[in-house]
Amino acid sequence: MNYESIIKNISKYITLTEKETEIFTSLLKYKAIKRKGFLLREDEVCRHETFVTKGCLRTYYVDQNGLEHVLGFSIEDWWAEDLYSFLTNKPARLCIDALEDTEVLQIEKLNLEKLYEEVPKFERFFRLSFQNAYIAQQERITFNLSSTAEERYLSFKNKYPYCEQRFPQKQIASYLGITPEFLSTLRKKSAGR
């Protein structure tokens, strides 16, 4: 198994010795998820931190009317989990499925606790990761509340230029909080500029 991408991701925040890298990689498990397969279903308990090495995961919420609301996408070099479920051991509120054939590396919660004891600097890594995720989430909520659909679309397009070609229009529209038809109108308007 090639661990290069996950080690590179971690090295953004901490530096590992060869021994620490060996301890970490020995706790990782590989998992392949076929397109439309689930990493996590609502009401299951999230027991892993998951790192995407190939493909794309979609995290979403299903409301009382059965409508899906996309909260985010996790592509290569991104992490995915239902943090509420992972930290509380309570059933997940979110679903995570694969938009493409996807390969991930996972670490179980019990092994993560073991890792914190054996390589304490991982507490710093995950603290910084969670902080950055929280900040990004707050920024997205604030921006979505104070911007028009067109502004949200243009921001998405600028921030994630690879996504328009990679993700289905229906999923992007759900992420932006608009209908696929309105997204089509915004795309045409944007292309005409």
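The values are calculated or read from the model by the stated rules, or taken from the named source; none is laboratory data. What you are looking at is a predicted structure, and each value in this text was computed from that prediction instead of being measured. Cβ atoms come from the backbone with ideal geometry, glycine included; neighbour counts cover every protein chain shown.
Things to note:
- Checked against (1) in a strand (DSSP E or B); (2) surrounded by 13 or more Cβ atoms within 10 Å (Cβ to Cβ), Tyr30 passes all but a single condition, namely (2).
- Checked against the criterion of being crowded, with 17+ Cβ neighbours inside 10 Å, assigned to a loop (DSSP other than H, G, I, E, B) and either without any contact (Cβ under 8 Å) to a residue 40 or more places away in the chain or assigned by TED's automatic domain parsing to the domain that holds Phe122 (or both), the candidates Leu57, Leu16, Leu39 yield just one match: Leu16.
- Residues located in the range 60-78, provided they are without any contact (Cβ under 8 Å) to a residue 60 or more places away in the chain and either outside any strand (DSSP E or B) or surrounded by fewer than 19 Cβ atoms within 10 Å (Cβ to Cβ) (or both): Tyr61, Val62, Asp63, Gln64, Asn65, Gly66, Leu67, Trp78
- Residues that are among the β-branched types (Val, Ile, Thr) and under 21 Å from Val70 (Cα atoms), drawn from the range 119-142: Ile135, Ile141, Thr142
- Meets criteria (in contact with a strand residue (DSSP E or B) (Cβ under 9 Å, 6 or more places away or on another chain), surrounded by 14 or more Cβ atoms within 10 Å (Cβ to Cβ) and assigned to a loop (DSSP other than H, G, I, E, B)) for Glu49: no
- Candidates are the residues of the range 88-98 that are under 24 Å from Gln64 (Cβ atoms) and of a type outside the set (Gly, Ala, Ser); the one that is nearest to the chain's Cα centre (by Cα) is Ile96.
- When residues in the range 126-149 are screened for being outside any helix (DSSP H, G or I) and either touching a Cys at 6+ places or on another chain (Cβ under 9 Å) or surrounded by 13 or more Cβ atoms within 10 Å (Cβ to Cβ) (or both), 1 of them pass.
- Yes/no for Leu83 being surrounded by fewer than 18 Cβ atoms within 10 Å (Cβ to Cβ) and aliphatic (A, V, I, L, M): yes
- Any hit, the range 157-165, residues being within 30 Å of Glu18 (Cβ to Cβ) and over 14 Å from the mean Cα position of the chain (by Cα): no
Condition check ((1) among the hydroxyl-bearing types (Ser, Thr, Tyr); (2) touching a residue at least 12 places away in the same chain (Cβ under 8 Å); (3) in contact with a Pro (Cβ under 9 Å, 6 or more places away or on another chain); (4) not assigned by TED's automatic domain parsing to the domain that holds Val62) across all residues:
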{"site": "Cys95", "(1), (2), (3), (4)": "no, yes, no, no"}
{"site": "Lys109", "(1), (2), (3), (4)": "no, yes, no, no"}
{"site": "Glu113", "(1), (2), (3), (4)": "no, no, no, no"}
{"site": "Arg124", "(1), (2), (3), (4)": "no, yes, no, no"}
{"site": "Tyr134", "(1), (2), (3), (4)": "yes, no, no, yes"}
{"site": "Thr142", "(1), (2), (3), (4)": "yes, no, no, yes"}
{"site": "Ile172", "(1), (2), (3), (4)": "no, yes, yes, yes"}
{"site": "Thr179", "(1), (2), (3), (4)": "yes, no, no, yes"}
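- Given (1) among the aliphatic types (A, V, I, L, M); (2) modelled with pLDDT of 95 or more; (3) not assigned by TED's automatic domain parsing to the domain that holds Tyr13, index of the condition Leu183 fails: (2)
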